[in-house]
1. Can you divide the C-alpha Rg of the range 189-303 by 2.2 N^0.38 Å and report the result to two decimal places?
2. Can you pick out the pairs among LYS92/LYS213; LYS53/LYS213; LYS401/LYS453 whose Cα atoms lie more than 22 Å from each other?
3. Return the FRET efficiency for the residue pair ASP215, HIS285: r is the Cβ-Cβ distance, R0 is 51 Å, and the value is rounded to the nearest 0.05.
4. Taking only the alpha-carbon atoms of the range 400-454, what semi-axes of the equivalent ellipsoid follow from 5 times the gyration tensor eigenvalues under a square root, in whole Å, largest first?
5. How much length is gained on full extension from TYR74 to GLN222, taking 0.36 nm per residue of separation minus their Cα-Cα distance?
6. In nm, give the distance between the simple-model label positions of SER32 and ASP162, each being 7 Å from the Cα along the Cα-to-Cβ direction.
7. Straight-line reach from LYS141: which lysines fall under 25 Å, measuring Cα to Cα and dropping same-chain residues less than 8 apart?
8. Roll a 1.4 Å probe over the protein chains and send me the accessible area per residue for the range 59-188 in Å².
Amino acid sequence: MKKSLNIIMLALFLLNLTGLSAQNLNDNSNPSGLIYKFDIKQEIAPPVWHNTKKAFREAKELNADIILIHMNTYGGMVETADSIRTAILQSKIPVWVFIDNNAASAGALISIACDSIYMRSGANIGAATVVDQTGKPMPDKYQSYMRSTMRSTAEATGRDPDIAQGMVDPRVYIEGVTDTGQVITFTTTEAIRYKFCNAQAESIEEILKITGKQDFKVVEQQLSATDKIIGFLTKPMISGLLIMIIIGGIYFELQTPGIGFPLAAAATAAMLYFAPLYIEGLAAHWEILVFIIGLILLMVELFAIPGFGVAGISGIILMVTGLTLSMIDNIGFDFTGVRLNGVIQAFFIVIIASFFSLIGSFFLTRKLFGGHTMFGDLALLSTQQTTEGYVSADAHYMEMKGKTGTAFTMLRPAGKIDIEGQIFDAVAEAGFIEKGEAIRVVKYENAQLIVRKA
């Protein structure tokens, strides 16, 4: 796994060499300052956080005087927005934002964290109530945290904390601003009036003119191939799909003899899942190791230990733990600053993806390998009548006791054996037996031949 991760990291690095980090937006040959510009024009999610970290890093390397965010978003994940907000508040370089139409929800939180806000005519800012995927408001404990975050952010940037809170809570009443029952959303004119916008501007060039910085050079962030790949692979939906392939591949591999496509698919998905998170600094070595140890324990339980007990359960717990912690921005075993909501979200992505993967695998297994129910051969669906030749024990099978042969298929632990050119169903007495290995029949029990390695 470590070697494969290094290969992927090398490939991403080579791709990164093909992309330019920044591009000049003007041709000012003798600038008196430098403005670094990057866009937030999509849903606030982990890819945006990746781009933001890259932007702040490059702005520092270029000794930029100002970081300018060009924003147009309806919001997104609160956890990601909070990380961006914190980076802005802690930045030693002043951060401006140009709201080009929308700064709703998580976008409003990020905007309020900026030192200066500029909006074009027809733009809006606010409506920061925390909602679920259907648009329904979340329980008050989530709203309470968002209210506090908005208030503290407004206080840090010299804006009215009550108005910031009113963008989350419809119960807030501010005379002359809003009535109860209405979440605050400002137009450009209203935002200027209540000091949530410094000035109206229709373009970046106009902002430079208003602020007297026409002679500043503007450098725009350029995303490399690596950035785009990482951004794509770290989307929650893509992470969930990769987890489904990992779990489904392992499940299918257990249903088929030998090492084949399912295992290769699971290994590839695991590398694509962990590599971007490792590069981003989210997945540490020990978190990947926890997942690998869990997988090994699960394999030991299935192939070496009868039944399903401590090793199997521990393996599943460690696999889920490794997948979950890899999404969280913790430093070693220090979880300071890691929001509980972020942990819960990562955990549920893993659990839900695993659940759907297993359910889908059950149904697909029945389609590919026969059977009429989701649980296949766990239930007997037909009655075997003695008039049709069925008996409780086959004398011919009984005669096989003590005879030797070879494994016709891999026994995991069930499979088929070849004795003197005849194929029989059999079960390995312990562990599993590879295809082609010599076997000996030790007993006949429960209408099956029990064999061990000869």
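The values are calculated or read from the model by the stated rules, or taken from the named source; none is laboratory data. Only a predicted model underlies this, so the values are computations on that prediction, with no experimental measurement involved. Here the Cβ positions follow ideal geometry from the backbone for every residue, glycine too, while neighbour counts run over all protein chains shown. The protein model used for the area step is the full one, side chains on, heavy atoms only, and it has no ligands, DNA or RNA in it. Shrake-Rupley method; radii C 1.70, N 1.55, O 1.52, S 1.80 Å.
1. So the Cα radius of gyration is 1.82 times the expected 2.2 N^0.38 Å.
2. Checking Cα-Cα distances, LYS53/LYS213 exceed 22 Å.
3. E between ASP215 and HIS285, to the nearest 0.05, is 0.60.
4. 13, 12, 10
5. 51.0 nm
6. Placing both labels 7 Å beyond Cα along the Cβ direction yields 4.0 nm.
7. none
8. Value for the range 59-188: 43 Å² per residue.
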